[in-house]
Each structure stands twice: as structure tokens, then as C-alpha cells.
Amino acid sequence: MVDISRVLVIGATGHVGGQVVTQLAAGGRQVRALARDPRAASLPPDVEVVQGDLTVPETLERALDGVDAVYLTWPMLSAQIAESVVARVAEHAHRIVLLSSAAVRDDLGEQDHPIGRAHAVIEQPITESALEWTFLRPGGFATNTVEWAPQIRAGDVVRGAYGSASMALLHEADIAAVAVRALTTDGHAGARYILTGPAPLSRVEQVEAIGAALGRRLVWAEISPEAAVEHMDWLPPDMARVVLSGLAGLVDAPGTVTSTVHEVTGSPARDYRRWAADHVADFA
Ligand SMILES: NC(=O)c1ccc[n+]([C@@H]2O[C@H](COP(=O)([O-])OP(=O)(O)OC[C@H]3O[C@@H](n4cnc5c(N)ncnc54)[C@H](OP(=O)(O)O)[C@@H]3O)[C@@H](O)[C@H]2O)c1
């Protein structure tokens with residue numbers, strides 16, 4: 001049994017990392033959070049916040065001092081930075097849990113998807129290090145649907161492409177719950193956990209679920225993929241096209257569903273309706 005008393009969370013201000021911080025602190029662990037701008041990070045008061053930036057790996061030294069385990073969000077940086085970050089983490093910590101992506105494929109020598117490629121860049125040096133590692137490979141996050149918030153605040157119609165595309169989106173609290181198990185308990189070394197929500201829901205049904213949570217009747221209006229790119233101004237157009245082509249592939253073939261969240265945490269994954277109820281404030 002490895003004693004993990006202090007955990008560094010990299011990506012602590014993010015959707016999943018924020019939940020990892022909250023859940024670790026609630027479990028009585030010492031949590032240190034990395035932030036590029038600690039003054040802008042709003043984290044629980046008992047959490048130590050240390051400044052650092054993955055693009056400048058030497059800035060991680062202070063945050064890594066005295067840490068047993070690291071939770072890492074990977075903002076898709078270069079292979080050179082990945083190697084340097086992993087080497088530094090391995091000098092201090094014993095264990096790492098990486099938030100990777102279901103786009104990574106183990107059956108390919110060369111990754112065929114840009115998001116898979118970007119995460120393989122960090123998975124590779126981790127597997128070659130002395131660290132005890134666990135990879136979380138989630139499918140789509142429910143938080144992606146906050147992209148509809150401006151339309152929902154403005155009216156009852158949500159315009160988008162591929163409304164019939166179905167997927168089992170994940171609640172960020174469930175991804176974090178798996179991370180916390182892998183960080184703080186034994187038995188997860190070398191696991192590549194494919195994570196999904198409990199059941200697929202089409203995008204039309206997701207919009208209806210947000211409406212139900214808000215007590216409103218929201219309707220979907222189908223538009224062309226090219227028109228949808230303009231609504232997705234939170235992503236560079238080429239990345240928006242990658243996301244849309246992923247959705248096109250889910251129209252007649254709902255994505256994979258796994259029970260890994262339940263198996264690892266002992267609790268079933270929260271469904272999208274629960275996520276919408278938890279996120280009413282994001283759409284109001
Ligand atoms: N969205 C999906 O459907 C999906 C699916 C599978 C996998 N993923 C993966 O999940 C990850 C995103 O997770 P998330 O949604 O929890 O994060 P997020 O909400 O997008 O937040 C990103 C986090 O990364 C930190 N960060 C960014 N650049 C950094 C840098 N140079 N140095 C240090 N920290 C940096 C940010 O910290 P600051 O406070 O410093 O800005 C922030 O805490 C990505 O790797 C993505 O590919 C996403």
C-alpha cells in the first residue's frame with residue numbers, strides 16, 4: 001500500500017481538475033493546485049495554490065516539491081515539453097493520473113486523430129518513465145454543451161448540426177471521482193480507463209434535458225455543418241470541423257458506453273439529465 005498524502009493537481013482551475021481538488025480536499029488529503037495565475041484561481045481556501053506553467057517546465061519545481069502523486073491535465077503541448085514535464089514529475093512523485101482522451105488508439109502505431117495524437121505525445125513518455133501511471137480516456141464531456149448557453153439565454157431555439165448524433169456524455173464529477181480513486185488507492189497502475197456516461201442521448205434530447213432543468217421548452221433547429229462552425233466560435237475553425245466530423249460519425253452509430261465509472265468508483269455514472277440539473281446556473 002503506497003502512502004499518498006500530498007497530491008498536486010495540474011489543471012486545478014479546469015472542469016475536471018476543479019472537481020479533483022474538491023473531492024480530494026473533502027477526503028482529507030493535502031492538495032496543492034497549480035495555476036498560471038494564482039490570483040485569478042478561485043479554489044477552496046484550504047487548498048495551497050502554487051504558480052507554474054507547463055510550457056515552462058522548470059516553473060513546476062516548486063509545485064512538485066514534497067508531492068507523492070500528480071493529476072495532470074494536458075493542454076496539448078509539444079513532445080519536447082511533454083518529455084521535460086514527465087522527467088520533472090518523475091523526480092518528485094511516485095504516481096501520476098493523466099486526463100487523456102478516448103481518441104487515443106492502442107492498435108495504431110501512428111495516431112490517426114489530431115486529439116489522439118496530442119494526447120499520445122504525453123502518454124508515451126509517461127509509459128517510459130518510472131512513474132506508476134493511470135490514463136483516464138474519457139469520451140465527450142457534458143460541459144461541452146455549455147456552448148449552447150448564449151443561444152438558450154437569447155431564446156428557446158438551439159441551432160446546431162447533427163442533432164440526431166447520440167453519445168453518453170460524462171459528468172465532470174465522475175471523471176474526477178475515477179481520478180481520485182486512481183490517485184489515492186492501489187490497483188490502478190497501468191490502467192487505461194475508457195470513460196463514458198451511462199447512456200447515449202441525442203443532441204436534440206440533450207437540449208430538451210436542459211429545457212426540463214430550466215423549466216422551459218427548448219427546441220432544436222438543424223443547420224448545416226458549415227453554418228455550425230460559425231456558432232462554435234470558442235474553438236478554432238479547424239478544430240470545430242474535427243468535432244463536427246466526430247458528431248457526423250455518431251448519427252447512425254451511438255458512441256461506445258462503458259461501465260468503468262461504476263466499476264472504479266462503486267457508484268453509477270451520473271446521467272446527462274442530472275448534469276443539466278447541476279448546471280442550471282450556466283444556462284440561466
Ligand atoms: N471536452 C471533452 O469532451 C474532452 C474529452 C476527452 C478529453 N478531453 C481532454 O480534457 C482536457 C481538458 O480538461 P478540462 O475540461 O478539465 O480542462 P479545462 O476546463 O479546459 O481547463 C484547462 C486547465 O488546464 C490548465 N492549463 C492550460 N494551459 C496550461 C499551462 N500551460 N500550464 C498549466 N496549466 C494549464 C488551465 O489552468 P489555468 O488556470 O492556468 O488557465 C485549466 O486549469 C484536455 O486535455 C482535453 O483534450 C476533453
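Which of the following residues is away from the ligand (no atom under 13 Å from the Cβ), of a type in the set (A, V, I, L, M, F, W, C) and touching a Ser or Thr at 6+ places or on another chain (Cβ under 6 Å): ALA149, ALA191, ALA154? Just a single option satisfies the conditions, and that option is ALA191.
For the residues GLY18, GLY28, GLY11, GLY66, the requirement of being more than 6 Å from the ligand (Cβ to nearest atom), in contact (Cβ under 8 Å) with a residue 12 or more places away in the chain and closer than 18 Å to ALA173 by Cα singles out GLY18. Scanning segment 174-188 for residues that are surrounded by fewer than 24 Cβ atoms within 10 Å (Cβ to Cβ) and among the small types (Gly, Ala, Ser) returns ALA177, GLY187.
Segment 125-209 holds strands (runs of 3 or more DSSP E) entirely within its bounds, and those carrying 1 or more residues that are of a type in the set (Asp, Glu) map to 132-138. Among the residues of segment 208-242, those that are without any contact (Cβ under 8 Å) to a residue 60 or more places away in the chain, crowded, with 16+ Cβ neighbours inside 10 Å and of a type in the set (A, V, I, L, M) comprise VAL229, ALA240.
Once segment 1-24 is narrowed to residues that are more than 17 Å from the chain's Cα centre (by Cα) and within 18 Å of LEU99 (Cβ to Cβ), the residue that is surrounded by the most Cβ atoms within 10 Å (Cβ to Cβ) is VAL7. Among the residues of segment 34-59, those identified as within 9 Å of the ligand (Cβ to nearest atom), under 21 Å from the mean Cα position of the chain (by Cα) and aliphatic (A, V, I, L, M) are LEU34, ALA35, ALA40, ALA41, LEU54. For GLY246, the conditions (1) part of a helix (DSSP H, G or I); (2) among the small types (Gly, Ala, Ser); (3) in contact with a helix residue (DSSP H, G or I) (Cβ under 8 Å, 6 or more places away or on another chain) all hold with the exception of (3).
We did not get these values from a lab; they are worked out from the coordinates using the rules stated. What you see is a predicted model, and the numbers here were worked out from it, not measured in a lab. Cβ sites come from the backbone with ideal geometry, for glycine too, and all protein chains shown count toward neighbours.
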